[in-house]
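**Q** First the structure, which I've put down as structure tokens, then a few questions once you've had a look.
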Amino acid sequence: MPAEPGPANALILEGLALIIGLPLLVIALGELVHRLRRSGSPFAGAVSATRTLLVPLLAAWFIATRFFSAPNDGTALQIVRTLFWISLTYTALLVFRNIVSSGTDRKTSWQIIMPNLLFQLVRALLVFGALTYLLASVWKIDVSKIMGTLGIGSLVIALALQDTLSNLVSGFLLIIESPFKVGDWIRVGDVEGEVIEINWRAVRIRTIDRDVVVIPNGNLGKEKIVNFVLDDPLHAIRLKMDLSSADHPDLVRDTLLKVDRR
């Protein structure tokens, strides 16, 4: 029976696979990026980041651990792993931005529309999760102590930024309840107009005079909101007109119909 390959032979085979396979993989990903860009696909950026960032860092990690027996807790390997997770987070954010849209219109038929406030929150959670993993698993830092310090600091910040946090919480409540969306015609207090933007701090409304009014989310939670198009896009307006008793009813009716047609 043929003898099993020893450690030296296994390293040679792995080295040959790396020398041959890595350039082929880079070329294949480059061709894929070219095709995606020609077709206008939004995923071209994510594939390009995989080719230029993730693949080289994975190769560097494999070479350092397999051929140079670099310890996992060594500074050099920690730096490589840190760069890899930063690149992976960046690529994940690119993919998330391509799948989810924070605007009002889909760039593609399968894209998911998400409120801008929730969109930014998910992105922040992705970055926070990657940062926590880097500190705890790669650099072996006790995250609980940092969390405790941040807890005390967040209390001070919360007291100093009460109005800002009130607007932020009210913004989340608006997303959950969804009393209106971008494009709806609403009235808040004495302000009436079309909603053109909803963000973490305020809502922007364009009035009938084409003026833009910014209303903080905290104020929205205290006001009565009237949505004119929530259930039915048709809306009736009552107008009072003073007419002379000398005018014939048929003349009044014809005049009003002519005005309506214009």
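The values are calculated or read from the model by the stated rules, or taken from the named source; none is laboratory data. Just so it is clear, the model here is predicted, and its values are computed rather than measured. With ideal geometry, Cβ positions are generated from the backbone for all residues, glycine too; neighbour counts draw on all protein chains shown. The accessibility values were calculated without ligands, DNA or RNA, using every heavy atom of the protein model including side chains. Shrake-Rupley method; radii C 1.70, N 1.55, O 1.52, S 1.80 Å.
**Q** Quickly run through the stretch 57-83 and pick out the residues that are closer than 14 Å to L134 by Cβ and open to solvent by less than 40 Å² (accessible area, probe 1.4 Å).
**A** L57, L77, Q78, V80, T82
**Q** Further question: Which pairs do you get when a residue that is open to solvent by less than 100 Å² (accessible area, probe 1.4 Å) and part of a helix (DSSP H, G or I), found in the stretch 10-29, comes within reach of a residue that is at pLDDT below 90 and among the charged types (D, E, K, R), reach meaning Cβ atoms under 8 angstrom, with the pair 6+ apart or on two chains?
**A** Close Cβ pairs (under 8 Å, with a partner that is at pLDDT below 90 and among the charged types (D, E, K, R)) amount to L11/R66; E14/R66.
**Q** If you take the residues in the stretch 119-176 that are of a type in the set (S, T, Y), modelled with pLDDT of 70 or more and open to solvent by 60 Å² or more (accessible area, probe 1.4 Å), which one is nearest to the chain's Cα centre (by Cα)?
**A** Among those residues, the one meeting the criterion is Y133.
**Q** How many residues does the stretch 58-89 contain that are over 16 Å from G21 (Cβ atoms) and not hydroxyl-bearing (S, T, Y)?
**A** 18
**Q** I'd like to check something: does the stretch 226-245 contain any residue that is out of contact with any Cys (no Cβ under 9 Å at 6 or more places or on another chain), surrounded by 10 or more Cβ atoms within 10 Å (Cβ to Cβ) and charged (D, E, K, R)?
**A** No.
**Q** Another question, then. Test each condition in (1) of a type in the set (S, T, N, Q); (2) within 19 Å of S102 (Cβ to Cβ); (3) open to solvent by 50 Å² or more (accessible area, probe 1.4 Å) for N199 and report the one that comes out false.
**A** (3)
**Q** A follow-up question, please. In this structure, does L93 turn out to be of a type in the set (A, V, I, L, M) and crowded, with 17+ Cβ neighbours inside 10 Å?
**A** So L93 fits the description; yes.
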